[in-house]
1. Evaluate segment 197-206: report whether one residue or more is within 28 Å of S220 (Cβ to Cβ) and not in a helix (DSSP H, G or I).
2. Which of the residues spanning segment 105-115 are surrounded by fewer than 16 Cβ atoms within 10 Å (Cβ to Cβ) and touching a residue at least 12 places away in the same chain (Cβ under 8 Å)?
3. Taking the criterion of being free of Cβ contacts under 8 Å to residues at least 60 places away in the same chain and β-branched (V, I, T), would at least one residue in segment 213-231 satisfy it?
4. Tell me, which strands (runs of 3 or more DSSP E) wholly within segment 73-182 include 1 or more residues that are touching an Asp or Glu at 6+ places or on another chain (Cβ under 6 Å) and either of a type in the set (A, V, I, L, M, F, W, C) or in the same structural domain as I208 (by TED's automatic domain parsing) (or both)?
5. Looking at A230, A236, A166, A173, which one is at pLDDT below 90, more than 30 Å from K92 (Cβ to Cβ) and of a type outside the set (S, T, N, Q)?
6. Report yes if G242 is in a helix (DSSP H, G or I), surrounded by 10 or more Cβ atoms within 10 Å (Cβ to Cβ) and not assigned by TED's automatic domain parsing to the domain that holds I162, otherwise no.
7. Taking segment 173-199 on its own, how many of its residues are under 37 Å from the mean Cα position of the chain (by Cα) and surrounded by 14 or more Cβ atoms within 10 Å (Cβ to Cβ)?
8. Of the conditions (1) under 29 Å from A95 (Cβ atoms); (2) over 19 Å from the mean Cα position of the chain (by Cα); (3) surrounded by fewer than 16 Cβ atoms within 10 Å (Cβ to Cβ), N217 clears all except one; give me its number.
Amino acid sequence: MLKINLIAVFLGALVSFGCAASEKATQTFDSNAASAAPATESGVYGKTTQTQKISLEQTANAQNAPAVIERKVIRNANLTLETNAPEEAGRKIAAIAESKGGFVVNSETKMSGANESTRTSVNVTVRVPAPQFDTAVAEIRQSAERVAQEKVSGQDVTEEFIDLEARIRTQKALEAQFLEIMKGARSVADALEVQRQLAEVRGEIEKIEGRRKFLENQTSFSTITVTLNAPTVFAASSSGFGAQLWRALGDGVDAALFVVLGLIRVFLAMLPLLILFGIPIWLIVRHFRKKWRRARLAQQIAQEEKS
């Protein structure tokens, strides 16, 4: 019964296609007949035929005209900026994104160095509406003293978006066909088989729609990632004899400390082995040494008694 229903669905599709083709052929015949009618220079019939011909040409041109497709482009920007106040600049960037209708995705502050050489680095990731992308990037550039690096990229996903929409329409048409077959199922086995196929189709629809929503989100909002660093300060180093001698002395002390610390580390590393093997070996040597002394002492006593 299920196979018969499927065959009926396909036959119905063929009949619909045949009717559409017949109707199209009839319209083509009427248009050819109208264009083949004789036109007069001043007759009313000639004017009507010419008007119909112009109208048919306009209709054909309108059908052949390419459809206007809105392009879907994912745009991203990565900027590395230098400023004397990275944290304040990070707050400015967040305010710029919010003023454009966007929001802050992530904000992170890092500290490096110690004491006077401490440097602050701020990483900010914001998303702004795609139409405001260029304006937002320009204002973010102005929030710092220097642009160290900038990269703007774009990914055209129009073709994939159109393909997803076509796949959704196809899957929904297939879903409607399975629902019709479900209504005419005569047995439990047929109903279960149709329900299984229907579940697969709906799962595929949800998967495709999820991908389409993701692309819509990525194309509607652009991502801007900004790294804010404090400018690097290079300290002037003296090159006099005294400074070089002092540095050499400091290097020598550091080298001596390194050697001493290395020996201490080796001793501490070998200490468990010395305890584990050294004590038994010392006891054995001590035992044989005492035994040798006793033997020597006995030999000396024996020699004295003989003499």
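The values are calculated or read from the model by the stated rules, or taken from the named source; none is laboratory data. Because the structure is a prediction, the values reported are computed rather than measured. Here the Cβ is made from the backbone with ideal geometry for all residues, glycine too, and neighbour counts use every protein chain on show.
1. No, there is no match, as no residue in segment 197-206 is within 28 Å of S220 (Cβ to Cβ) and not in a helix (DSSP H, G or I).
2. Here is the first cut: in segment 105-115, the ones surrounded by fewer than 16 Cβ atoms within 10 Å (Cβ to Cβ) are 105-106, 108-115.
Within segment 105-115, V105, N106, E108, T109, K110 meet the criteria.
3. no
4. 73-82, 119-129, 146-156
5. Within the list A230, A236, A166, A173, the selection yields A236.
6. no
7. So the answer is 4.
8. Here N217 meets the rest and fails (2).
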